[in-house]
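As structure tokens, the structure follows; a few thoughts come after it.
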Amino acid sequence: MGLLSLFVLSCNPQQQVLQSQSKNLRLNSDSLHLSDQHVLQTIQPYKIQLDSLMNVQINTADTDMKKELPEGALGNLVCDVLMDYAIANGKHPDFCLMNHGGLRIPTLYKGPVYVRTVYELMPFENQLLLLQLSGINCKMLFDAIALNGGTPVAGLRMKILNDSASQIQIQNLDFDVNKNYWILTSDYLANGGDKADALKAAIQVVDVNIKIRDALLVQIKQMKINGKTLTGVKDGRISKN
Amino acid sequence: MEELVKTKRRDFLKQTLSLSVFGMLANSPMRVLAKALPKKLTILHTNDWHSRIEPFPAIDKNYGGMGGAEVRAAVIKNIREKEGEILLLDAGDIFQGTPYFNFYGGELEFKLMTEMGYDCATLGNHDFDNGLDGFNKQLPHAGFSFVNANYDFSKTLLKDKILPYKIFKKKGLKIGVFGIGIELKGLVPDKLFGNTIYNDPVMIANQIALILKRDKKCDLVICLSHLGYKYNSSKVSDEVLASQTQNIDLIIGGHTHTFLPEPVIFKNLVNKNVIVNQVGWAGLQLGRIDFTFEPFINKNYSAQSSLIKFTNGEDAYMLMEG
């Protein structure tokens, strides 16, 4: 018996978990007076180069703007700015549609807006596109938005009633299911991302030839030149009963 | 003499047979066994780092001053100094979220994780954001392994570069680590994941975990999952994975950016405990789980089909295993 036990022990028998203890540790600067010089040195050359590009103030935000559903001040701002960019560049979208998940900061805070802010808001390399969509497919799209509980838009107003879209207005005119509409959106959504399948039935697609982030940067800088600051407000463009 | 014997006993526990014979001279083997210290291992983990190299800026009302690679590296170093060998893991979405990724493509993230001594990571959906090519280009900067078992990369340039699983030997323990990824279609643009084929997470996880526990005789089986903690739909999640599999001890999750106050224990297919943990995102937290082990007694792999009735009253589920 003794020898057998010894044999088993020395052969390093398979183990199983007897117990576990866990702790999810918060990592902040006071979580230890610790620093790691080695890691700092690795970061430094990247940081210096990046800071020179990113820490450039391009405009000012008048208020805190939140990412929210069915509409949020931040989503409204992004879509309004993109509409302005398109119009300033000779395009005529009927409405703009972005995806809620594509906005990557929860709040744009009141105060200076830097190049960095826009990168963090819209880090993805998505392209800005114009799609022409039939009224029937637009209705499917609006119902999908309703089912998702809303999304960032501009040029469009609708109410979510029992998971479907109602009282739809485009450019302040009642939505006409027999008309085709031009939609300003991202290649991500145009390819059916975020379950926006209706967009895959586009009649025409026009590449605006700019990344969404770059369009935002250009237009936000232009607003500053025009003496305009960033003011995103909730105006009930999408509401839910 | 008593002091000497104690020292020798400790050495014996490091599995040297010659010294164990020496130990027998002073102690009966039974006494040695009774006093054998259980094996222990500390696991540290992160998920959804999203390129947050620096702490959040002070202006950020939720996370101002929190996170950052420097403090994480320091905390990890501190724990290593106390615990010796540890296992350091990441559950994916290392990439995307700050300009560091836009400008350097993940190079710095991989370099820093290498410096921190990461052992293994899995791929999240955002790790495809610069395409398979973009990920492949950064791989030389990663001094750690990537695992995923349910993406078939065999028709892509990542063929043989992502392992289905990897076995680590730490503190005399064998730890099998495998990766499970989320369905890419509809989440990641088609052109970015190319010919990557997505396979069913539950089926693959059961196959791999059985291999690791039964054939490879791992003491601990860990799944690095980027499925997400749970959903209000039938979509596969860590909750689903935990309850519909067996032979997994720990699921380290990601994707849903869930800050679990502490790990959650689920019952698996054969009513054994599975620990699920996830530590939010952005490197704001570091998960720590300290395991204590005992010899494996109940080798109930139940490789045959077993009929399990779900508690929610849905149809019985037949598990088919090879």
From the option list A:LEU189, A:LEU141, single residue qualifying as surrounded by 17 or more Cβ atoms within 10 Å (Cβ to Cβ), within 10 Å of A:LEU97 (Cβ to Cβ), at pLDDT below 95 and not polar (S, T, N, Q) is A:LEU189
Here is a list of conditions, (1) closer than 23 Å to B:GLY105 by Cα; (2) surrounded by fewer than 19 Cβ atoms within 10 Å (Cβ to Cβ); (3) in contact with a Leu (Cβ under 6 Å, 6 or more places away or on another chain), and B:LYS171 meets all of them except one; can you say which number that is? (1)
Residues in the stretch A:62-104 that are basic (Lys, Arg) and not in a loop (DSSP other than H, G, I, E, B): how many? 1
Checked against (1) surrounded by fewer than 20 Cβ atoms within 10 Å (Cβ to Cβ); (2) closer than 29 Å to A:ASP194 by Cα, A:PRO70 satisfies every condition except (1)
Number of positions in the stretch B:77-97 that are surrounded by 22 or more Cβ atoms within 10 Å (Cβ to Cβ) and either within 7 Å of another protein chain (Cβ to nearest Cβ) or in contact with a Leu (Cβ under 7 Å, 6 or more places away or on another chain) (or both): 6
Got at least one residue in the stretch B:108-129 being touching a Gly at 6+ places or on another chain (Cβ under 9 Å), of a type in the set (Asp, Glu) and more than 13 Å from every other protein chain (Cβ to nearest Cβ)? yes
Expected single match for in contact with a Ser or Thr (Cβ under 8 Å, 6 or more places away or on another chain) and not basic (Lys, Arg) among A:LEU103, A:LEU82, A:LEU77, A:LEU40 is A:LEU77
Condition broken by B:VAL221, with the remaining ones in (1) surrounded by fewer than 21 Cβ atoms within 10 Å (Cβ to Cβ); (2) in contact with a Lys or Arg (Cβ under 9 Å, 6 or more places away or on another chain); (3) closer than 19 Å to B:LEU88 by Cα satisfied: (1)
Just for the stretch A:173-199: of the residues that are free of Cβ contacts under 8 Å to residues at least 60 places away in the same chain and among the polar types (S, T, N, Q), which one is nearest to the other protein chains (Cβ to nearest Cβ)? A:ASN191
If a residue counts only when it is over 25 Å from B:TYR165 (Cα atoms), which helices (runs of 4 or more DSSP H) contained entirely in the stretch B:55-129 have at least 3 such residues? B:69-83, B:99-104
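Residue-wise test of (1) over 22 Å from A:ASN28 (Cβ atoms); (2) touching a His at 6+ places or on another chain (Cβ under 7 Å); (3) among the hydroxyl-bearing types (Ser, Thr, Tyr); (4) modelled with pLDDT of 95 or more.
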residue: B:ALA74; (1), (2), (3), (4): no, no, no, no
residue: B:ARG80; (1), (2), (3), (4): no, no, no, yes
residue: B:LEU87; (1), (2), (3), (4): yes, no, no, yes
residue: B:PHE95; (1), (2), (3), (4): yes, yes, no, yes
residue: B:PHE101; (1), (2), (3), (4): yes, no, no, yes
residue: B:TYR104; (1), (2), (3), (4): yes, no, yes, yes
residue: B:LEU108; (1), (2), (3), (4): no, no, no, yes
residue: B:MET113; (1), (2), (3), (4): no, no, no, yes
residue: B:ASP119; (1), (2), (3), (4): yes, no, no, yes
Residue list for the stretch B:172-202, restricted to those being over 17 Å from B:LEU227 (Cα atoms) and assigned to a loop (DSSP other than H, G, I, E, B): B:GLY172, B:PRO189, B:GLY194, B:ASN195
As an exercise: evaluate B:LEU13 against (1) modelled with pLDDT under 90; (2) in contact with a helix residue (DSSP H, G or I) (Cβ under 7 Å, 6 or more places away or on another chain); (3) buried (at least 17 other Cβ atoms within 10 Å of the Cβ) and give the number of the one condition it does not meet. (2)
If a residue has to be touching an Asp or Glu at 6+ places or on another chain (Cβ under 6 Å) and buried (at least 24 other Cβ atoms within 10 Å of the Cβ) to count, how many in the stretch B:241-286 make the cut? 4
Selection within the stretch B:203-257 - assigned to a helix (DSSP H, G or I), more than 16 Å from the chain's Cα centre (by Cα) and closer than 28 Å to B:HIS50 by Cα: B:VAL240
Could you please give the count of residues in the stretch B:151-163 that are surrounded by fewer than 18 Cβ atoms within 10 Å (Cβ to Cβ) and assigned to a loop (DSSP other than H, G, I, E, B)? 6
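The values are calculated or read from the model by the stated rules, or taken from the named source; none is laboratory data. Since the structure is predicted, the reported quantities are computational estimates derived from the model, not experimental observations. Please note: Cβ atoms are built from the backbone with ideal geometry, for glycine as well, and neighbour counts cover all protein chains shown.
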